[in-house]
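The values are calculated or read from the model by the stated rules, or taken from the named source; none is laboratory data. What you see is a predicted model; the values in this text were computed from it and never measured. So basically every Cβ, Gly included, is an ideal-geometry build from the backbone, and we count neighbours across all protein chains shown.
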């Protein structure tokens with residue numbers, strides 16, 4: 001059997017692959033809370049979408065970015081998965097995170113089939129680990145570092161809701177893209193903060209990772225899961 005040799009040199013092209021919406025990780029079926037927010041009247045236009053995304057970025061996005069960075073840095077995936085569970089109070093969001101993690105594992109193993117970390121994760125979590133943990137391991141398999149993984153996770157936290165809102169409200173795609181562009185400096189800051197927390201976690205444990213709360217997202221997710229008809233899975 002051939003020995004797997006991971007890519008070296010940072011692999012910015014691999015970073016683009018992971019961040020590309022065409023990567024078959026299942027995110028297109030999830031709105032990141034945007035569908036519930038639209039129904040509740042909290043997202044009505046580009047300006048309110050930007051505020052929703054800003055709040056999500058600095059809470060759920062920060063937590064996901066730190067978990068991904070820690071996984072990319074080589075932290076124990078089981079410990080990180082438990083930390084993700086503790087930071088996700090809503091059962092609906094835990095279910096969605098594991099479903100996305102399972103799909104991302106499948107996609108990542110197709111792209112980097114010889115990676116031992118992804119293989120071990122798949123065996124340990126047959127129903128799926130939390131998506132940010134899988135993302136970090138996928139980044140590691142691609143030869144990327146913790147900051148790269150944090151950037152992808154932070155971007156996903158706002159890119160998904162933005163794309164979903166275009167479909168939910170018929171929002172002008174140019175306006176939606178402008179929202180992401182305006183948030184770019186904050187995306188960078190969140191990714192750097194997440195990577196720094198992941199570095200501290202090497203000596204301080206997973207308690208050093210952010211645990212920013214987003215109660216409206218949690219409440220909205222539980223309500224959304226009970227809807228008989230909905231466009232997105234979460």
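Residue check: is residue 54 on the phi < 0 side of the Ramachandran plot, surrounded by fewer than 19 Cβ atoms within 10 Å (Cβ to Cβ) and in a helix (DSSP H, G or I)? For residue 54, the condition - on the phi < 0 side of the Ramachandran plot, surrounded by fewer than 19 Cβ atoms within 10 Å (Cβ to Cβ) and in a helix (DSSP H, G or I) - is met. Of the residues in the range 151-165, none is outside any helix (DSSP H, G or I) and either in contact with a helix residue (DSSP H, G or I) (Cβ under 8 Å, 6 or more places away or on another chain) or crowded, with 16+ Cβ neighbours inside 10 Å (or both).
When we screen 109, 140 for residues that are in contact with a helix residue (DSSP H, G or I) (Cβ under 7 Å, 6 or more places away or on another chain), part of a helix (DSSP H, G or I) and within 16 Å of residue 74 (Cα to Cα), the only hit is 140.
Considering only residues in the range 175-204 that are free of Cβ contacts under 8 Å to residues at least 12 places away in the same chain and more than 18 Å from residue 54 (Cα to Cα), the one that is surrounded by the fewest Cβ atoms within 10 Å (Cβ to Cβ) turns out to be 203. Of all residues in the range 205-214, those satisfying the criterion of being closer than 30 Å to residue 167 by Cα and either modelled with pLDDT under 90 or surrounded by 16 or more Cβ atoms within 10 Å (Cβ to Cβ) (or both) are 213, 214.
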